[in-house]
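Everything on this sheet refers to the single structure shown next.
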Amino acid sequence: DLGGYPHYMAKEIQEQPESVERIIRGRLDDRFGVARLDGLNLTPRELRGFSRVKILGCGSAYYVGQVGATMIEELARIPADAEAASEFRYRNPIIEADTLYIAVSQSGETIDTAFAVEEIKRKGGRVVGLVNVVGSTIARACDGGVYLHAGPEIAVASTKALTNMAVGFALIALTLGRVRDLSNADGQRIIDAIRALPGQIKSILDFEPEIAEHAKTVAVAKSLFFVGRVRGYPVAREGAQKFKEISYRHAEAYQTSELKHGPLALIDEALPTVAVVPSDELTGRNLAAVQQIKARGGAVLAVTHENVDFGELDVPRIVVPKTEPELDPILLTIPLQLLAYHAALTLGYDIDKPRNLAKSVTVE
Ligand code: BG6
């Protein structure tokens, strides 16, 4: 049921304030500044025992895994990384007893991710799931997990499930942090920020008409760059992924820091860049990169925060509300969903069922 929306993707984007409410409901504990994630089936002692976190997923779920790895490193100070489950399963991975493995999947049926889980379990590793579909193959195979409660997602390009994955990672990072060195006050700071997300997402969605105008401009280009660094890099990757999936335009993500090590050679009037420029400790460096792109004739569209001062730079902006720095990627991603959606709409493609793609890939 489209409920009056032209596409499922539009509906699912708009549902995000409510779907984020659902993943956090009953899971935030103000007294101790922690998240309640009983479904993980891990005692505080077990949670303390992990010295590494490895996140596995495919496509957008892999990119959001990278968002999660950064949150875990920042809040819990445990080395964490994300890997494409489709690669991990084929490379005889080393499974360690003190690593917490996290499988991320909307459908819970993606064969590459399911196989990665099997491989971890076969070798005696501990794996939990961050899964949307209750009772799915991956959810059942894991030792525990956090259900996303995003509700059914129909559009092939994932939106609300991904946002809930990112929020789910914030809850896991909080849990891992609070059995280590994250203070009660810092825990509370993150809890308050998580609670504010639904209202902030709503305020981004209110800017849809402006974002649609930007989309018309970028849809003209045959090829685009999406750039971000550290927290912003997985945001750029997801932005590029969504763009290519539904608008069939070549969109490539780079770390902003890597531009000068190669891709800058491609910049000219015909190749616009979508730059993720949050207000944080790297703002100055990001602005310097924007300046370098502009100096080579490249157009830039920035996804940024209100207080970032672009000075003389003539750069159109999509401004998102500021949250705590660790959670910024959650909100920075939302306008990129709308940018991809409106670019595809402008170009007249089949938004909910892009060519050559399936909602979940369950065969080899
Ligand atoms: C891809 C889909 O095939 O699978 C992506 O096209 C999705 O949208 C990816 O992110 C992973 O799917 P799931 O269900 O495991 O999250």
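The values are calculated or read from the model by the stated rules, or taken from the named source; none is laboratory data. No experiment lies behind these values; they were computed from the predicted model shown. A quick note on method: Cβ atoms are made from the backbone with ideal geometry, for glycine too, and the neighbour counts reach across all protein chains shown.
Quick one: would you say PRO152 is part of a loop (DSSP other than H, G, I, E, B), farther than 30 Å from GLY3 by Cα and of a type outside the set (Lys, Arg)? Spell out how you get there, then give the answer.
Details: part of a loop (DSSP other than H, G, I, E, B): yes; farther than 30 Å from GLY3 by Cα: no; of a type outside the set (Lys, Arg): yes.
The answer is no for PRO152.
This table checks each residue for (1) within 16 Å of the ligand (Cβ to nearest atom); (2) out of contact with any Leu (no Cβ under 7 Å at 6 or more places or on another chain); (3) of a type in the set (Gly, Ala, Ser); (4) over 24 Å from ARG231 (Cβ atoms).
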{"residue": "ASP1", "(1), (2), (3), (4)": "no, yes, no, yes"}
{"residue": "ILE23", "(1), (2), (3), (4)": "yes, no, no, no"}
{"residue": "ILE72", "(1), (2), (3), (4)": "no, no, no, no"}
{"residue": "ALA80", "(1), (2), (3), (4)": "no, yes, yes, no"}
{"residue": "ARG91", "(1), (2), (3), (4)": "no, yes, no, yes"}
{"residue": "SER105", "(1), (2), (3), (4)": "yes, yes, yes, no"}
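Which pairs have Cβ atoms under 6 Å, sit 6 or more apart or on different chains, and link a residue in segment 332-357 that is closer than 18 Å to GLU238 by Cα to one that is surrounded by 20 or more Cβ atoms within 10 Å (Cβ to Cβ) and aromatic (Phe, Trp, Tyr)?
Going by the 6 Å Cβ cut-off, the qualifying pairs are ALA340/PHE243; ASP352/TYR8.
Name the single residue, out of those in segment 275-309 being in a helix (DSSP H, G or I) and out of contact with any strand residue (DSSP E or B) (no Cβ under 8 Å at 6 or more places or on another chain), that is farthest from GLN200 (Cα to Cα). Working first, answer last.
Of segment 275-309, the ones in a helix (DSSP H, G or I) are 283-295.
Cutting the leftovers down to out of contact with any strand residue (DSSP E or B) (no Cβ under 8 Å at 6 or more places or on another chain) gives us 284-285, 288, 291-292, 295.
Numbers: GLY284: 25, ARG285: 26, ALA288: 28, GLN291: 29, GLN292: 32, ALA295: 34 Å.
Among those that are in a helix (DSSP H, G or I) and out of contact with any strand residue (DSSP E or B) (no Cβ under 8 Å at 6 or more places or on another chain), it is ALA295.
Quick one: how many residues across segment 330-361 are out of contact with any Leu (no Cβ under 9 Å at 6 or more places or on another chain) and either modelled with pLDDT under 90 or within 16 Å of the ligand (Cβ to nearest atom) (or both)?
16
Looking only at segment 285-313, filter to residues that are under 14 Å from THR273 (Cα atoms) and among the charged types (D, E, K, R); which one of those is surrounded by the fewest Cβ atoms within 10 Å (Cβ to Cβ)?
ARG296
Checking ARG91 against (1) surrounded by fewer than 22 Cβ atoms within 10 Å (Cβ to Cβ); (2) modelled with pLDDT of 95 or more: exactly one of these is not met. Which one?
It fails just one condition, (2).
Among the numbered conditions (1) touching a residue at least 60 places away in the same chain (Cβ under 8 Å); (2) buried (at least 23 other Cβ atoms within 10 Å of the Cβ); (3) not in a helix (DSSP H, G or I), tell me where MET9 comes up short.
All conditions are met except number (3).
I'm trying to understand the selection: among the residues of segment 101-115, which are free of Cβ contacts under 8 Å to residues at least 60 places away in the same chain, surrounded by 24 or more Cβ atoms within 10 Å (Cβ to Cβ) and not small (Gly, Ala, Ser)?
The answer is TYR101, THR113.
Report every pair of residues separated by at least 6 positions or lying on different chains whose Cβ atoms are under 9 Å apart, first residue within segment 199-225 and free of Cβ contacts under 8 Å to residues at least 12 places away in the same chain, second of a type in the set (S, T, N, Q).
So the pair list comes out as VAL220/THR346.
ALA212: away from the ligand (no atom under 16 Å from the Cβ) and modelled with pLDDT under 95, yes or no? Walk me through it before giving the result.
Details: away from the ligand (no atom under 16 Å from the Cβ): yes; modelled with pLDDT under 95: no.
No: the conditions fail for ALA212.
Output the number of residues of segment 123-147 satisfying the condition of being buried (at least 21 other Cβ atoms within 10 Å of the Cβ), in a loop (DSSP other than H, G, I, E, B) and more than 10 Å from the ligand (Cβ to nearest atom).
Final tally of qualifying residues: 1.
In this structure, is ILE172 within 18 Å of SER51 (Cβ to Cβ), surrounded by fewer than 18 Cβ atoms within 10 Å (Cβ to Cβ), modelled with pLDDT of 95 or more and more than 10 Å from the ligand (Cβ to nearest atom)? Outline the logic, then answer.
Details: within 18 Å of SER51 (Cβ to Cβ): yes; surrounded by fewer than 18 Cβ atoms within 10 Å (Cβ to Cβ): no; modelled with pLDDT of 95 or more: yes; more than 10 Å from the ligand (Cβ to nearest atom): yes.
No, not satisfied.
With respect to the numbered conditions (1) assigned to a loop (DSSP other than H, G, I, E, B); (2) modelled with pLDDT of 95 or more; (3) near the ligand (Cβ under 9 Å from one of its atoms), which one is the sole condition not fulfilled by ALA157?
That leaves (2) as the condition not met.
Taking the options GLU326, GLU364, name whichever one is of a type in the set (Asp, Glu) and either within 16 Å of the ligand (Cβ to nearest atom) or free of Cβ contacts under 8 Å to residues at least 24 places away in the same chain (or both).
GLU364
Considering only residues that are more than 20 Å from the chain's Cα centre (by Cα) and polar (S, T, N, Q), which ones fall in segment 158-209?
SER183, ASN184, GLN188
With segment 18-99 as the region, which helices (runs of 4 or more DSSP H) entirely inside it contain at least 3 residues that are over 19 Å from the mean Cα position of the chain (by Cα) and closer than 28 Å to GLY135 by Cβ?
Working: elements: 44-49, 60-76, 85-88.
By residue number, 44-49.
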